[in-house]
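**Student:** Take this structure first; my questions come after.
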Amino acid sequence: MSLQSPLGKFLGLGSAKEGTEHWWSQRVTAVALIPLTLWFVVALLGMDSFEHAAVAAWLGQPVNAVLMILVLMVVLHHSQLGIQVVIEDYVHSGGLKVSMLLGSKFLHVAAGVAGIYSIIILSISALAGLGTGTGQ
């Protein structure tokens with residue numbers, strides 16, 4: 001017994017086969033955030049100061065810079081997936097839905113680029129001695 005209408009059966013209309021992939025992506029990013037968040041919290045608790053020079057020096061360590069970029073990328077991807085579901089479920093106007101989905105994607109990509117750029121600049125400035133006031 002099928003819950004699909006006779007017209008749906010005839011036209012071959014049914015699942016778009018995209019829900020499973022989206023669901024798994026959401027779960028994988030959520031699981032990836034567990035160790036990354038724990039690392040981030042422990043790293044913050046271990047810092048003596050949150051002044052610019054101290055944070056730049058901390059990001060000057062390659063492991064910290066790479067893990068921060070990973071945290072940023074996973075958080076933004078997880079956020080984008082969640083916002084996409086909300087828009088798809090609650091925005092019913094076709095044109096508005098498409099524009100909101102595109103806007104959300106654009107803003108998440110822009111935030112990612114800006115965040116990665118900032119992490120790289122802080123990391124390089126610490127390596128060059130600019131973050132500590134001893135450079136130039």
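The values are calculated or read from the model by the stated rules, or taken from the named source; none is laboratory data. Please read these numbers as outputs of a predicted model, since none were measured by experiment. We place every Cβ from the backbone using ideal geometry, glycine too, and count neighbours over all the protein chains shown.
**Student:** Starting from residues that are at pLDDT 95 or above and small (Gly, Ala, Ser), keep the ones in the range 111-126 and report whichever is nearest to His77 (Cα to Cα).
**Tutor:** Gly112
One line per residue, one yes/no per condition, for (1) among the acidic types (Asp, Glu); (2) touching a helix residue (DSSP H, G or I) at 6+ places or on another chain (Cβ under 8 Å); (3) within 30 Å of Leu127 (Cβ to Cβ); (4) surrounded by 14 or more Cβ atoms within 10 Å (Cβ to Cβ):
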position: Leu38; (1), (2), (3), (4): no, no, yes, no
position: Asp48; (1), (2), (3), (4): yes, yes, yes, no
position: Gly60; (1), (2), (3), (4): no, yes, yes, yes
position: Leu72; (1), (2), (3), (4): no, yes, yes, yes
position: Glu88; (1), (2), (3), (4): yes, yes, no, no
position: Val91; (1), (2), (3), (4): no, yes, no, yes
position: Lys97; (1), (2), (3), (4): no, yes, no, yes
position: Leu101; (1), (2), (3), (4): no, yes, no, yes
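**Student:** Looking at the range 56-81, which of its residues are under 21 Å from the mean Cα position of the chain (by Cα) and modelled with pLDDT under 95?
**Tutor:** Scanning the range 56-81 gives Leu59, Pro62.
**Student:** What's the number of the only condition in (1) buried (at least 17 other Cβ atoms within 10 Å of the Cβ); (2) among the hydrophobic types (A, V, I, L, M, F, W, C); (3) free of Cβ contacts under 8 Å to residues at least 60 places away in the same chain that Leu127 fails to meet?
**Tutor:** Only one criterion is unmet by Leu127, namely (3).
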